[in-house]
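Here the structure comes first, spelled out in structure tokens, and everything after it is commentary.
The values are calculated or read from the model by the stated rules, or taken from the named source; none is laboratory data. Remember, it's a predicted structure, so these values are computed and weren't measured experimentally. As a convention, Cβ positions derive from the backbone with ideal geometry for all residues, glycine included, and neighbour counts pool all protein chains shown. Ligands, DNA and RNA are excluded from the accessible area calculation, which covers all protein heavy atoms including side chains. Shrake-Rupley method; radii C 1.70, N 1.55, O 1.52, S 1.80 Å.
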Amino acid sequence: MLYDRFGRPVTNLRISLTQECNYRCFFCHREGQRFLAKNELTPEEIERLVRIASRLGIRKVKLTGGEPTVREDILEIVKRIKPYVIDLSMTTNGSRLKELAKPLAKAGLDRVNVSLHSLKPEVYKRITGVDGLEAVLEGIEEAVKYLSPVKLNMTVMKGLNDGEIWDMVEFAAKTGTILQLIELEAPREMAETAFFRKYFYPLKPVEEKLEKLAVETKERRMHRRKKYFIPTDYGIAEVEVVRAMHNTVFCANCTRLRVTSDGKFKTCLLRNNDLIDFLSAMRNGASDEEIVEIFKRAVLMREPYWK
Ligand SMILES: Nc1nc2c(ncn2[C@@H]2O[C@H](COP(=O)(O)OP(=O)(O)OP(=O)(O)O)[C@@H](O)[C@H]2O)c(=O)[nH]1
Ligand SMILES: C[S@@+](CC[C@H](N)C(=O)[O-])C[C@H]1O[C@@H](n2cnc3c(N)ncnc32)[C@H](O)[C@@H]1O
Ligand code: SF4
Ligand code: SF4
């Protein structure tokens with residue numbers, strides 16, 4: 001296993017498959033990819049990367065984007081990388097899950113996170129730019145049949161969906177899903193803007209309330225995120241809180257290396273100037289050993305953002 005200069009093991013890869021998206025969420029951080037890149041990794045290149053990474057102790061891969069399901073070769077990608085990975089998951093806006101949940105599971109996807117920022121059609125549309133709530137709810141219903149667990153990502157924003165947190169907790173219990181409450185995040189310089197201040201909704205008070213209500217609490221290795229088990233009318237809801245902003249504990253326990261859709265390692269969501277190109281080397285005939293060296297260089301560049 002590889003460790004960075006801060007003693008953090010690198011155990012998972014977060015691969016952005018594309019920058020394309022069929023949604024227009026106004027707050028989207030685009031996984032830190034700042035420039036539009038058309039040049040996408042092919043399924044063969046993704047497989048090769050994951051195979052090499054598995055030799056270095058990577059056992060978990062998260063597929064993200066943009067919207068990963070807009071890639072027409074998404075099933076092939078999943079099929080190719082599953083043999084090297086124990087935990088293969090995807091984060092999706094859910095718009096294509098109704099038709100894809102079963103084939104994705106068959107191809108080897110273990111679990112899925114579905115973004116669901118509101119249960120109200122008009123609020124959902126304001127946040128995502130698309131009148132798509134119904135399709136996503138159908139997608140979630142289908143996903144729970146084939147993938148486990150299904151997590152719901154709710155990015156909480158002041159004045160938009162902050163009044164729906166407890167409805168969402170109940171919805172998670174009712175549907176047998178896990179709720180992830182995500183605090184809005186941005187790099188330092190953006191966090192000072194009027195835009196960010198307008199929508200930032202601190203989740204600390206919510207977390208304190210969850211702590212009081214919980215019948216059980218657990219802590220994850222990654223980011224030391226807390227999970228709360230909350231009794232509801234529909235049974236116990238599992239609620240995880242993702243609070244990255246100014247959180248030194250979160251960064252000290254960051255175990256993932258990112259991969260951009262155009263074939264670069266990215267060491268941190270919020271940093272810029274932290275890209276290391278591996279695709280050019282791959283396309284110029286580099287050996288596996290040479291790719292391993294590039295991988296190791298990227299790991300050594302990793303640094304906690306909040307410290
Ligand atoms: N700053 C920061 N935010 C993260 C990181 N990982 C996840 N997040 C935030 O949490 C959101 C949801 O992440 P997901 O794509 O659902 O994946 P995850 O929750 O990290 O992974 P799993 O719980 O293992 O499925 C991301 O879009 C970010 O806003 C991270 O390493 N750093
Ligand atoms: C960038 S999206 C990519 C995957 C997919 N398109 C989706 O929306 O689920 C990954 C996750 O990041 C969340 N997200 C995007 N921008 C964010 C921000 N500024 N702060 C917190 N979470 C954000 C989204 O809500 C989503 O759950
Ligand atoms: S669906 Fe995902 S990638 Fe697309 S705009 Fe929304 S958060 Fe960003
Ligand atoms: S170092 Fe911190 S901000 Fe950067 S990716 Fe890891 S957890 Fe996120």
Within the range 255-307, the count of residues that are under 19 Å from the mean Cα position of the chain (by Cα) and basic (Lys, Arg) comes to 6
Reported set for the range 160-204 where residues are more than 30 Å from Asp274 (Cα to Cα) and open to solvent by 80 Å² or more (accessible area, probe 1.4 Å) is Trp166, Asp167, Lys174
Scanning the range 47-84 for residues that are open to solvent by 10 Å² or more (accessible area, probe 1.4 Å) and β-branched (Val, Ile, Thr) gives Val70
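Of everything in the range 261-283, what is among the aliphatic types (A, V, I, L, M) and in a helix (DSSP H, G or I)? Give them in sequence order.
Of everything in the range 261-283, those that are among the aliphatic types (A, V, I, L, M) and in a helix (DSSP H, G or I) turn out to be Leu279, Ala281, Met282.
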State all residues of the range 143-159 that are open to solvent by 10 Å² or more (accessible area, probe 1.4 Å), under 16 Å from the mean Cα position of the chain (by Cα) and under 17 Å from Tyr124 (Cβ atoms); if no residue qualifies, say none.
Asn153, Thr155
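Please work out if Glu47 is more than 12 Å from ligand 3 (Cβ to nearest atom), modelled with pLDDT of 95 or more and touching an Asp or Glu at 6+ places or on another chain (Cβ under 7 Å).
no
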For Leu275, all conditions in the list (1) of a type in the set (A, V, I, L, M); (2) under 23 Å from Lys62 (Cβ atoms); (3) free of Cβ contacts under 8 Å to residues at least 24 places away in the same chain; (4) surrounded by fewer than 18 Cβ atoms within 10 Å (Cβ to Cβ) hold save one; what is the number of the exception?
(4)
Contacts under 7 angstrom Cβ, first residue in the range 97-117 being of a type in the set (Phe, Trp, Tyr), partner open to solvent by 10 Å² or more (accessible area, probe 1.4 Å), 6 or more apart
none
Starting from residues that are away from ligand 1 (no atom under 15 Å from the Cβ), closer than 23 Å to Pro304 by Cα and at pLDDT 95 or above, keep the ones in the range 1-30 and report whichever is surrounded by the most Cβ atoms within 10 Å (Cβ to Cβ).
Leu2
Quick one: in the range 232-257, of everything that is under 18 Å from Lys209 (Cβ atoms) and aliphatic (A, V, I, L, M), which residue is nearest to ligand 2 (Cβ to nearest atom)?
Val242
